[in-house]
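Next up is a structure, given as structure tokens.
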Amino acid sequence: MKRPLPVFHALAVALLVAGCSSYRPAPAAFHEVLDQPYILGAGDRVRVTVFEQEGLTNTYAVDQSGYIAFPLVGSVPARGHTAQQVEAALAAKLREGFLRDPDVSVEVDRYRPIFVMGEVGAAGQYSYVPGLTAHQAVAIAGGFTPRANQANVDITRTINGKVMTGRVLTSDPLLPGDTVFVRERLF
């Protein structure tokens, strides 16, 4: 007498366990970083205002090396710093023989883009706006395909110089530079 049913059950359980083994819950740092000041990175663009100095007031891009090229003082480190830290660094450099008491303001003009991949209508690079959630990013990317897992997504994010990937709900907020991956559902 053949007993194919137990073999089938064992195979089904093995496949189910194998499918779950790639589950990566979001590290605690994913949610902690949302409450911290924004850290600049390559691809961001900042608006620098030096009051009463129209020649220095402009928009500057953070280059791939993590610097902004500022007139008179040269390269100023920006990657890994907040806008307030860049303000202080610019003011200090301008005080070194260029301006007596510079009043500098730095704000983010444009954030680095996000990337949406996987089971979406139009995978690609998209502009980030503050408050953007994973679900809104998917909508911008053409929505879910019929095969998409719509409950949660995988986010890849750089936190404190380390690249981390974790699974979050689609209602979770995104940060500039995040990569959203929409997986295919099993059934």
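Could you tell me which of the residues VAL50, VAL104, VAL138, VAL120 is in contact (Cβ under 8 Å) with a residue 40 or more places away in the chain, within 30 Å of LEU34 (Cβ to Cβ) and not assigned by TED's automatic domain parsing to the domain that holds PRO173? Before the answer, list the steps.
Values: VAL50 fails: within 30 Å of LEU34 (Cβ to Cβ); VAL138 fails: not assigned by TED's automatic domain parsing to the domain that holds PRO173; VAL120 fails: not assigned by TED's automatic domain parsing to the domain that holds PRO173.
Checking each option against the conditions leaves just VAL104.
Filter segment 59-83 for residues that are exposed (fewer than 15 other Cβ atoms within 10 Å of the Cβ) and among the polar types (S, T, N, Q); which is farthest from ARG95 (Cα to Cα)?
Checked segment 59-83; the qualifying residue farthest from ARG95 (Cα to Cα) is GLN64.
Among (1) under 13 Å from the mean Cα position of the chain (by Cα); (2) surrounded by 16 or more Cβ atoms within 10 Å (Cβ to Cβ); (3) closer than 16 Å to TYR38 by Cα, there is one condition GLY161 misses while meeting the rest; what is its number?
All conditions pass for GLY161, except number (2).
Mind counting the residues in segment 110-162 that are assigned to a loop (DSSP other than H, G, I, E, B), hydroxyl-bearing (Ser, Thr, Tyr) and more than 21 Å from ALA29 (Cα to Cα)? Give the derivation first.
The initial filter retains those residues of segment 110-162 that are assigned to a loop (DSSP other than H, G, I, E, B), namely 111-113, 119, 121-123, 127-132, 141-143, 145-147, 149-151, 160-161.
Next cut, hydroxyl-bearing (Ser, Thr, Tyr) only: 111, 127-128, 145.
Still in the list and also more than 21 Å from ALA29 (Cα to Cα): 127, 145.
Qualifying residue count, segment 110-162: 2.
Take the residues of segment 41-50 that are modelled with pLDDT of 95 or more and of a type in the set (A, V, I, L, M, F, W, C): which is nearest to GLY131 (Cα to Cα)?
Step one: list which residues in segment 41-50 are modelled with pLDDT of 95 or more, which gives 44-50.
Subsequent filtering for residues that are of a type in the set (A, V, I, L, M, F, W, C) retains 46, 48, 50.
Working: VAL46: 19, VAL48: 23, VAL50: 29 Å.
Per the criteria, the residue is VAL46.
Does ARG79 fit the bill of being of a type outside the set (S, T, N, Q), within 30 Å of SER171 (Cα to Cα) and either assigned to a loop (DSSP other than H, G, I, E, B) or modelled with pLDDT of 90 or more (or both)?
On the way: of a type outside the set (S, T, N, Q): yes; within 30 Å of SER171 (Cα to Cα): yes; either assigned to a loop (DSSP other than H, G, I, E, B) or modelled with pLDDT of 90 or more (or both): yes.
For ARG79, the condition - of a type outside the set (S, T, N, Q), within 30 Å of SER171 (Cα to Cα) and either assigned to a loop (DSSP other than H, G, I, E, B) or modelled with pLDDT of 90 or more (or both) - is met.
Can you pull out every residue in segment 121-138 that is within 14 Å of SER171 (Cα to Cα) and either surrounded by 14 or more Cβ atoms within 10 Å (Cβ to Cβ) or touching a helix residue (DSSP H, G or I) at 6+ places or on another chain (Cβ under 6 Å) (or both)?
LEU132, THR133, ALA134, HIS135, GLN136, ALA137, VAL138
Being over 23 Å from the mean Cα position of the chain (by Cα) and part of a helix (DSSP H, G or I) is the filter here; which residues of segment 82-109 pass it? Working first, answer last.
The first filter runs over segment 82-109 and keeps only residues over 23 Å from the mean Cα position of the chain (by Cα), leaving 88-105.
ALA88, ALA89, LEU90, ALA91, ALA92, LYS93, LEU94, ARG95 - these are the residues of segment 82-109 that are over 23 Å from the mean Cα position of the chain (by Cα) and part of a helix (DSSP H, G or I).
The values are calculated or read from the model by the stated rules, or taken from the named source; none is laboratory data. Please read these numbers as outputs of a predicted model, since none were measured by experiment. Note that we place each Cβ from the backbone using ideal geometry, even for glycine, and neighbour counts take in every protein chain shown.
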